[in-house]
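The values are calculated or read from the model by the stated rules, or taken from the named source; none is laboratory data. This structure is a prediction, so every number in the text was calculated from the model and none was measured. Heads up, the Cβs are rebuilt from the backbone with ideal geometry, glycines too, and the neighbour counts pull from every protein chain shown.
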């Protein structure tokens, strides 16, 4: 699969990325259909199959249940083959999310993620917003702490996975990477994408199929035809679906 330049990060990512939510968590979901968590062997086959397809971006988070640990166990031997993104700020326990954007919590989260993922460095570290984007960015230590972690060499690129257009615009002032929701039914971040491209900020798109509610081909075409977008992150437990997505990318030549 063709690789795209991720802004000024020095990283190149596949046009389709793998979202690792479903391999670790099946509670409190927004997908149209429920699912069971796959067993360890199935996860290992899926993750290795993802890399074999040429998908080199894997996106996870502490809030995705057992996702980080499963990635570490399945792919640590292939660590040089993929770009790894994870997040800080949100955890998920006992069926509910909790948020902590203090410096101490973020540093502890990164230490735990490095251990779970069996790696020495996180390629992309994003703030996992609770929805109060502007408050997180202006009233907590999160941004400063991410800069410190990057300076310490634990993280290669830093950024923001937010919920609001206003928050995304605010993050453009400091972020290397933005992750935004952008799809056929919600193009509200269009202006953010244009400014990100102008400022050489890398853009990852989440929920490009509106959590499974949109037809893949027109949805993928729409997202990847925007020149600001480096990668569309898709989550699936079926490798055939990801193979179909890769074929769409090749077919529509976006």
> Does the range 235-247 hold any residues that are closer than 22 Å to residue 85 by Cβ and either in contact with a helix residue (DSSP H, G or I) (Cβ under 6 Å, 6 or more places away or on another chain) or in a helix (DSSP H, G or I) (or both), and which are they?
Replying inline: 236, 239, 241, 242, 243, 245, 246
> Got at least one residue in the range 92-112 being in contact with a strand residue (DSSP E or B) (Cβ under 7 Å, 6 or more places away or on another chain), within 30 Å of residue 240 (Cα to Cα) and modelled with pLDDT of 95 or more?
Replying inline: no
> Which ones in the range 198-213 are at pLDDT 95 or above and farther than 23 Å from residue 87 by Cβ?
Replying inline: 198
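Scan the range 106-124 residue by residue and report those that are touching a helix residue (DSSP H, G or I) at 6+ places or on another chain (Cβ under 9 Å) and either surrounded by fewer than 16 Cβ atoms within 10 Å (Cβ to Cβ) or in a helix (DSSP H, G or I) (or both). Please lay out each step first, then the result.
To start, the set of residues in the range 106-124 that are touching a helix residue (DSSP H, G or I) at 6+ places or on another chain (Cβ under 9 Å) comprises 106-107, 109-110, 112-113, 115-122.
Result: 106, 107, 109, 110, 112, 113, 115, 116, 117, 120, 121.
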> Can you tell me how many residues in the range 218-234 are in contact with a helix residue (DSSP H, G or I) (Cβ under 8 Å, 6 or more places away or on another chain) and in a helix (DSSP H, G or I)?
Replying inline: 3
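Among the listed residues 188, 138, 211, identify the single one that is surrounded by fewer than 16 Cβ atoms within 10 Å (Cβ to Cβ) and in a helix (DSSP H, G or I). It would help to see each step written out before you state the result.
Working: 188 fails: in a helix (DSSP H, G or I); 211 fails: in a helix (DSSP H, G or I).
After ruling out the rest, the residue left standing is 138.
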>> Please go through the range 164-185 and give me each residue that is over 21 Å from residue 143 (Cβ atoms), in contact with a helix residue (DSSP H, G or I) (Cβ under 8 Å, 6 or more places away or on another chain) and not in a strand (DSSP E or B), ordered by number.
In response: 182, 184
> Taking residue 155, is it crowded, with 18+ Cβ neighbours inside 10 Å and closer than 16 Å to residue 230 by Cβ?
Replying inline: no
> So which of 167, 153 ends up being out of contact with any strand residue (DSSP E or B) (no Cβ under 6 Å at 6 or more places or on another chain) and on the phi > 0 side of the Ramachandran plot?
Replying inline: 153
> Can you tell me which residues in the range 54-105 are without any contact (Cβ under 8 Å) to a residue 24 or more places away in the chain, assigned to a helix (DSSP H, G or I) and farther than 20 Å from residue 157 by Cα?
Replying inline: 77
> Is it the case that residue 44 is closer than 17 Å to residue 94 by Cα and part of a helix (DSSP H, G or I)?
Replying inline: no
